[in-house]
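First the structure, in the form of structure tokens, and then the observations on it.
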Amino acid sequence: MGQTEFEPWNDPQAKPLIQFRGVTKRFGDFTAIDNQSFDIFEQEFFALLGPSGCGKTTMMRMLAGFETPTEGTILLGGQDIAPIPPNRRAVNMMFQSYALFPHLTVWENIAFGLKRDRLDKESIKARVAEMLKLTRLEQFASRKPHQISGGQRQRVALARSLAKAPKLLLLDEPLGALDAKLRQDTQFELMDIQEKTGTTFVIVTHDQEEAMTVASRVAVMDHGRIVQADTPARIYEQPNSVYVADFIGEVTIIDGTATPEGDGYEITHAEGLPPLFVKTDKSFARGQACHLAIRPEKVAISAEKPDGRRNMLRGRILDIAYLGNISTYLVELPNGKIVKAQTANTRRLANRPFTWEDEVWLSWSDTAAVLLEG
Amino acid sequence: MRRAILILVPYLWLLALFLVPFLIVLKISLSDAELSIPPYTPKLDLTAGWAGIKEFLAGLDFENFEFLTTDDLYWKAYLSSLQIAVISTVMSLLVGYPIAYGMANAPDHWRPTLMMLVILPFWTSFLIRVYSWMGILSTEGYLNQLLIGMGLISEPLTILNTNTAVYIGIVYTYLPFMILPVYSALERMDASLLEAAEDLGCSRITAFWLVTVPLSRNGIIAGCFLVFIPAIGEFVIPSLLGGSRTLMIGKVLWEEFFNNRDWPVASTVAVILLLILIIPIILFQRNEQKQREAEG
Ligand SMILES: Nc1ncnc2c1ncn2[C@@H]1O[C@H](COP(=O)(O)OP(=O)(O)OP(=O)(O)O)[C@@H](O)[C@H]1O
Ligand SMILES: [Mg+2]
């Protein structure tokens, strides 16, 4: 993020804007949100990430006021929001389904919330114009929602929720239907808006890169639970579980047993292969089952046996995925295990040093991998 | 070729069942009454050939249309029918909208049952249902018995044979035609639109006026036409439930036809009624068309 560290969640003095206190939401006997307690701070950009059906939208709907928690309380600025109806909350939501008013034009859709605030005509006009410009919808102002494309509709929904400049903005997959370029521009716009207005954002996304780009913290959810909520860097570098490591980015998980050794652990993972070493503060019992998670870009790939590395494995290139700027190699170890390694394509494709079926060495540093409990 | 046939079939249907009868009625309206069978003149005599057609055309005139303007019974009947139809339509809307709204918001598994209840009256003959209203509304009828029994009134109310009974009859009979289109519009509405409206600062009531009503507009318009168009020419309800002072064009038409046996005047009344109705029918079609376009 910015120059000065923005980490209110580490500051015991900081007052959270939103507090979930033991919140459970059930639909019949299905538990959509399972006893969650966490805080979201003012001016945060809080991203919810998780597989379909894990409860992201439900979380948002409770904040917006369309669902009430079955158990527990949600505080907004220290105040229980349960008795406050949606129209009195300083919260706006962008719906996953957009929920645009089909009988109103794009312009009227965006102005809808402003008119409810009984603003005068001129300020409504100015504000709508601003929103249209921001979302590049100027030419479509007088169209009805059924006369514009899916991506344009999504932008109308975004503009409509932004228009009132609420204290808390809930965006349920706001950019999913946009092309890569427009999506990136809009992401930066969102961050810009956030910096300018100090609005707190809670954003649902299926796009990890997006979560990583925009979020101050990312919450990875699974089955109604937040598994880990942390800065993008920590989520990526120090996942607290195999689930998170696996969900965010690419990773190779090697199962094994831990043996204390110096300031870390030696991991026995396969018969006949040398043990791996991980430097960590975490403590494991001797012989405890564990998982070693290693990101592909931290795995070096070389033709010659590298010097001075404790983590070295020999394998055969099974497949190469060329992604333009980087290439991912799938390397098969003698025991059949596949490890991913990534290299930046600094040279032209023709000069690529390795090809299919090559025997190569994989290596990584003592601190590169993360050791996770079983 | 198949396409042409497909298009042709409904047109032939319309031609046979609508246009041809209309032309016959139009022809009779231009004829003069006469004591004979059929009771009008001129009659087309095709055996006389071209001369016969010429003679026939010469016999047609607009006398009956002129006659309708001379007797104020007719325009009063048209106006009164119009008034009764408009008021009945508004009342049907006021009664039907809440019912449709309740149905659309009922739990999913109830809806087929509720729909059934709305359609159920059609399973009984219309005439029998109107007769039973006579039983309910008459001075010694069930309604008065109930009200007197409850001690709400001491003297029986006179409802039967008044315009009130006609309104009750029309609203009752045509209510399903109001409920069904409104219901289908409301049911199609996406519930998240109301949430979005609330989210943007509307109260429930404002959200109803700003979102629900406009989005059910086409249903309302369709329902109103479906009630208004048959109500204006209604004959059975005013003659069974209405009084001697209930003036409706359907009744006038009946009397001209069957009591006076004046087919030409009766036909003229019918033709003018049709001309009056063509305007709302065209508007109705336009509304349906627009709706189809909006839904793409
Ligand atoms: N009104 C409801 N009644 C019953 N179950 C519901 C209801 N709303 C949500 N659920 C269930 O709760 C779970 C969480 O739903 P939710 O919409 O929050 O998922 P999500 O994380 O937003 O998924 P997606 O990424 O697909 O949008 C799902 O299994 C869903 O079926
Ligand atoms: Mg969702």
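Can you find a residue that is away from chain B (no Cβ under 12 Å) and in contact (Cβ under 8 Å) with a residue 40 or more places away in the chain anywhere in the range A:126-134?
Within the range A:126-134, one or more residues are away from chain B (no Cβ under 12 Å) and in contact (Cβ under 8 Å) with a residue 40 or more places away in the chain.
Scan A:L162, A:L190 and give me the residue that is more than 16 Å from ligand 2 (Cβ to nearest atom), within 14 Å of chain B (Cβ to nearest Cβ) and more than 20 Å from A:G77 (Cα to Cα).
A:L162
What number of residues in the range A:40-75 are within 14 Å of chain B (Cβ to nearest Cβ), more than 10 Å from ligand 1 (Cβ to nearest atom) and of a type outside the set (A, V, I, L, M, F, W, C)? I'd like the intermediate steps shown before the answer.
We begin by selecting, within the range A:40-75, every residue within 14 Å of chain B (Cβ to nearest Cβ); these are A:57-58, A:60-68.
Next, from what is left, pick out any that are more than 10 Å from ligand 1 (Cβ to nearest atom): A:63-65, A:68.
Among the residues that remain, those that are also of a type outside the set (A, V, I, L, M, F, W, C) are: A:65, A:68.
Total meeting the criteria: 2.
Does A:N35 satisfy being farther than 29 Å from A:Y98 by Cβ and either in contact (Cβ under 8 Å) with a residue 24 or more places away in the chain or in contact with a His (Cβ under 8 Å, 6 or more places away or on another chain) (or both)? It would help to see each step written out before you state the result.
Values: farther than 29 Å from A:Y98 by Cβ: yes; either in contact (Cβ under 8 Å) with a residue 24 or more places away in the chain or in contact with a His (Cβ under 8 Å, 6 or more places away or on another chain) (or both): yes.
Yes: the conditions hold for A:N35.
Between a residue in the range A:199-218 that is more than 16 Å from A:Q43 (Cβ to Cβ) and within 13 Å of ligand 1 (Cβ to nearest atom) and any residue that is of a type outside the set (F, W, Y) and at pLDDT below 85, which pairs come within a Cβ distance under 7 Å, given they are 6 or more apart or on different chains?
A:H206/A:G176
From the list A:G78, A:G22, A:G113, exactly one residue is of a type in the set (G, A, S), more than 16 Å from ligand 1 (Cβ to nearest atom) and within 14 Å of chain B (Cβ to nearest Cβ). Which is it? Before the answer, list the steps.
Numbers: A:G78 fails: within 14 Å of chain B (Cβ to nearest Cβ); A:G22 fails: within 14 Å of chain B (Cβ to nearest Cβ).
Sole residue among the options that is of a type in the set (G, A, S), more than 16 Å from ligand 1 (Cβ to nearest atom) and within 14 Å of chain B (Cβ to nearest Cβ): A:G113.
Among the numbered conditions (1) within 16 Å of ligand 1 (Cβ to nearest atom); (2) modelled with pLDDT of 95 or more, tell me where A:L100 comes up short.
(1)
With the requirement that a residue be farther than 27 Å from A:F188 by Cβ, in contact with a helix residue (DSSP H, G or I) (Cβ under 8 Å, 6 or more places away or on another chain) and of a type outside the set (S, T, Y), what does the range A:240-257 give you?
Of the range A:240-257, the ones farther than 27 Å from A:F188 by Cβ are A:240-243, A:245-246, A:251-257.
Still in the list and also in contact with a helix residue (DSSP H, G or I) (Cβ under 8 Å, 6 or more places away or on another chain): A:251-253.
Matches in the range A:240-257: A:V251, A:I253.
Being among the β-branched types (V, I, T) and either in contact with a helix residue (DSSP H, G or I) (Cβ under 8 Å, 6 or more places away or on another chain) or within 16 Å of ligand 2 (Cβ to nearest atom) (or both) is the filter here; which residues of the range A:8-25 pass it? Spell out how you get there, then give the answer.
Keep residues of the range A:8-25 that are among the β-branched types (V, I, T), which gives A:18, A:23-24.
Passing the criteria: A:I18, A:V23.
Among the numbered conditions (1) at pLDDT 85 or above; (2) more than 16 Å from ligand 1 (Cβ to nearest atom); (3) assigned by TED's automatic domain parsing to the domain that holds A:M62, tell me where A:A258 comes up short.
(3)
Is it the case that some residue within the range A:26-34 is farther than 12 Å from A:H223 by Cα, surrounded by 18 or more Cβ atoms within 10 Å (Cβ to Cβ) and within 16 Å of ligand 2 (Cβ to nearest atom)?
no
Within the range A:165-174, can you find the residues that are more than 14 Å from ligand 1 (Cβ to nearest atom) and more than 12 Å from chain B (Cβ to nearest Cβ)? Walk me through how you get there before you give the answer.
Narrowing the range A:165-174 to residues more than 14 Å from ligand 1 (Cβ to nearest atom): A:165-169.
Correct list: A:A165, A:K167.
Suppose we filter A:F66, A:F140, A:F112, A:F101 for residues that are of a type outside the set (A, V, I, L, M) and within 16 Å of ligand 2 (Cβ to nearest atom); which single one remains?
Numbers: A:F140 fails: within 16 Å of ligand 2 (Cβ to nearest atom); A:F112 fails: within 16 Å of ligand 2 (Cβ to nearest atom); A:F101 fails: within 16 Å of ligand 2 (Cβ to nearest atom).
Answer to the selection: A:F66.
Run A:G315 past the list (1) closer than 30 Å to A:T31 by Cα; (2) out of contact with any helix residue (DSSP H, G or I) (no Cβ under 7 Å at 6 or more places or on another chain) and report the number of the one that doesn't hold.
(1)
Are there any pairs with C-beta distances below 7 angstrom linking a residue in the range B:64-87 that is surrounded by 13 or more Cβ atoms within 10 Å (Cβ to Cβ) to a residue that is not in a helix (DSSP H, G or I), with the two at least 6 apart or on different chains, and if so which?
Once the first residue is surrounded by 13 or more Cβ atoms within 10 Å (Cβ to Cβ) and sits in the range B:64-87, its partners that are not in a helix (DSSP H, G or I) give B:K76/B:L247; B:A77/B:L247; B:A77/B:M248; B:S80/B:L247; B:S80/B:M248; B:S81/B:M248; B:I84/B:M248.
Cβ contacts < 6 Å: first residue aromatic (F, W, Y), restricted to the range A:58-79; second residue within 16 Å of ligand 1 (Cβ to nearest atom), any location; separation 6+ or different chain. Result?
Within 6 Å, the pairs are A:F66/B:E195.
Can you tell me how many residues in the range A:87-106 are surrounded by fewer than 22 Cβ atoms within 10 Å (Cβ to Cβ), more than 7 Å from chain B (Cβ to nearest Cβ) and in a helix (DSSP H, G or I)?
1
If A:R143 satisfies all but one of (1) more than 14 Å from chain B (Cβ to nearest Cβ); (2) more than 22 Å from the chain's Cα centre (by Cα), what's the number of the condition it fails?
In the conditions (1) more than 14 Å from chain B (Cβ to nearest Cβ); (2) more than 22 Å from the chain's Cα centre (by Cα), A:R143 misses (1) alone.
Out of the helices (runs of 4 or more DSSP H) lying entirely within the range B:71-170, which hold 2 or more residues that are among the small types (G, A, S)?
Details: elements: B:72-105, B:111-119, B:126-137, B:142-149.
Fully inside the range B:71-170 and qualifying: B:72-105, B:126-137.
The values are calculated or read from the model by the stated rules, or taken from the named source; none is laboratory data. Just so we're clear, the structure is a prediction, and the values are computed from it rather than from any experiment. Here the Cβ is made from the backbone with ideal geometry for all residues, glycine too, and neighbour counts use every protein chain on show.
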